[in-house]
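J.: One structure is given below, represented as structure tokens, and several questions about it will come after.
The values are calculated or read from the model by the stated rules, or taken from the named source; none is laboratory data. As the structure is a computational prediction, the values presented were derived from the model and not from experiment. When we count neighbours, we look across all protein chains shown, and the Cβ atoms used for this are built from the backbone with ideal geometry, even at glycine. In case anyone asks, the SASA skips ligands and DNA or RNA and just uses the protein heavy atoms, side chains included. Shrake-Rupley method; radii C 1.70, N 1.55, O 1.52, S 1.80 Å.
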Amino acid sequence: MLKWLLVGLVVFLIYRLVLKRPRYDRLFSPDHLMELSRGLGRAKEAALGRVGKGPPADPFAEGNAFVTSADIAVVYTVAKAGEDGHEHHVSLSHRGGPFARAAAGFLAAAIRRLLGVAEAPGVLAVSSSGVYHLIFQVPAAEEARFAARSVPELDEEAARALLGAAMDERGDLLARLGKLDVKLPK
């Protein structure tokens, strides 16, 4: 009897472990990319409205952060980088804990495409806390044009095309993946 109780406990623990692991099937779907494009449009607009004001106390309330149905938290901020333009920063994290490099690379490539900066120099880096950071610069001469350009709302066909492009481009971003050492306040 004790043997079967132990076997049952082991099976239950394995079952719980499997359920807690992040599932990425939703993340790599056209529906998720359509959702990402809508949220990114609102976040970009809110972040551009806060340039020079410092980080918001609650980015979710301010509108420059959102959580997707695949439990991906996206935070968009813009910092003034002097006369050279603005530095744009999109943070990506999985609400359940750390998430896979391939998933982060895919999302970063999709976001670069959605924002129209796929050809612009930028970097994808992972922090010591497991949060991925997409950072790119918008030159001062192009700021007004970038701000006026809206994030396209995708339909099913456009989302499928973006899915393929992001899958192809994630390797380049991941090959140059940087590291950030983020010191969190205690």
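J.: Roughly how many nanometres apart are two label points built 7 Å out from the Cα toward the Cβ at Asp71 and Ser129?
T.: Modelled inter-label distance: 1.8 nm.
J.: Which FRET efficiency value, to the nearest 0.05, is calculated for Glu119 and Lys53 with the Förster distance at 35 angstrom and r the Cβ-Cβ distance?
T.: Details: r = 29 Å, r/R0 = 0.84.
Given R0 = 35 Å and the Cβ-Cβ separation, E is 0.75.
J.: Hey, another quick one. For the chain, calculate the relative contact order in percent as a whole number, restricting contacts to Cα pairs under 8 Å that are 6 or more residues apart.
T.: On the way: 263 pairs, mean separation 43.5, N = 186.
Computed over the chain, the figure is 23 percent.
J.: Measuring from centroid to centroid over Cα atoms, what is the spacing of the stretch 118-143 and the stretch 39-87 in Å?
T.: Going from one Cα centre to the other spans 13 Å.
J.: Ignoring ligands, DNA and RNA, please state the percent of accessible area on the chain from carbon and sulfur, probe 1.4 Å. Mind dumping the intermediate values first?
T.: On the way: 6360 of 10980 Å².
Ligands and nucleic acids excluded, carbon and sulfur give 58 percent.
J.: Within the chain, how many Lys pairs sit with Cα atoms under 28 Å apart, leaving out pairs fewer than 8 places apart on the same chain?
T.: 15
J.: Quick one: Karplus J couplings for the stretch 112-126, per residue in order, coefficients 6.51, -1.76, 1.60, θ = phi - 60°, nearest Hz, x for Gly and Pro?
T.: Karplus-based 3J(HN,Hα) across the stretch 112-126 equals 4, 5, 4, 7, x, 10, 4, 8, 6, x, x, 9, 10, 9, 10 Hz.
J.: Write down the accessible area per residue of the stretch 22-179 in Å², having rolled a 1.4 Å probe over the full set of protein chains. Before the final figure, lay out each step's value.
T.: Working: 7740 Å² over 158 residues.
Accessible area per residue, the stretch 22-179: 49 Å².
J.: Rg to Rh ratio, the stretch 96-165, alpha-carbon atoms and Kirkwood radius?
T.: Numbers: Rg = 13.8 Å, Rh = 13.7 Å.
Rg divided by Rh gives 1.01.
J.: Rounded to whole Å and sorted largest first, what semi-axes of the equivalent ellipsoid does the C-alpha gyration tensor of the chain yield via the square root of 5 times each eigenvalue? Show your work: numbers first, answer last.
T.: Numbers: eigenvalues 233, 74, 48 Å².
They are 34, 19, 15 Å, listed largest first.
J.: Here's another thing I want to ask about it. Show me 153-159, 50-56, 64-70 ranked by packing, highest mean number of other Cβ atoms within 10 Å first. Present the calculation step by step, with values, prior to reporting the outcome.
T.: Values: 153-159: 14.3, 50-56: 12.1, 64-70: 19.0.
Going from most to least packed, we get 64-70, 153-159, 50-56.
J.: A further question follows. Suppose the chain between Val7 and Leu180 were pulled fully straight at 0.36 nm per residue; how much longer would it get relative to their current alpha carbon spacing? The partial results should precede the final answer.
T.: On the way: separation 173, 0.36 × 173 = 62.28 nm, distance 4.31 nm.
My answer for the length gained is 58.0 nm.
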